[in-house]
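This report concerns only the one structure given below.
Computed from the coordinates by the stated procedures, all read-outs in this text should not be read as laboratory data. All of these numbers come straight from a predicted model, not from anything done at the bench. A quick note on method: Cβ atoms are made from the backbone with ideal geometry, for glycine too, and the neighbour counts reach across all protein chains shown.
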Amino acid sequence: MDTEKKINDAIANPQNMGEMTDADSVGTVGSPECGDMLRMWLKFKENEGGKKVIDRASFQSFGCQTAIAVASVATQLLAGKTIEEARNLDSSDLSADLGPLPPMKIHCGQMVEGALRDALDADAGIEKAAVEPAQRNNTLLDSFGPPADAAPAMKSGKLKVVKLED
Ligand code: FES
């Protein structure tokens, strides 16, 4: 099956799409190339060996079909991975089940990687605190700009958009 068909199949039946209200961590990225955004939620658990692993991952995306396809296969791949294993995955690993992405769409996979890294950083306490309940319930659309009645966590900038490197 070629990449285009696999992408179309993933778009037709995306897995793990939607907010995760009991997430332990969330990451959000915006692509400077196309203006699209993607958010990924992670839930952790301890495996039989006592290691912290990703129990499940979910995502929300607007605009880009390829990013939805990559996030769908990536969130399936992430289940059961340790933090270290997840950190070692790059965008081509995350999108491997779809086959090589066309050059114009490589940044779509990088956006998924960026959201994953942002969520892992958030869990590690890098640059921002752990997800607060007020943040978990916001939709991706909300994050385009905090509304006037936004929760303090939104206004304080703890939920930030991370630009990918050019
Ligand atoms: Fe920009 Fe896909 S076209 S993320």
Filter result for MET104 (out of contact with any Asp or Glu (no Cβ under 7 Å at 6 or more places or on another chain), within 10 Å of the ligand (Cβ to nearest atom) and without any contact (Cβ under 8 Å) to a residue 12 or more places away in the chain): yes
Residue list for segment 87-101, filter: more than 12 Å from the ligand (Cβ to nearest atom) and buried (at least 20 other Cβ atoms within 10 Å of the Cβ): LEU94, LEU98
Test result for PRO14, in contact with a helix residue (DSSP H, G or I) (Cβ under 6 Å, 6 or more places away or on another chain) and within 16 Å of the ligand (Cβ to nearest atom): yes
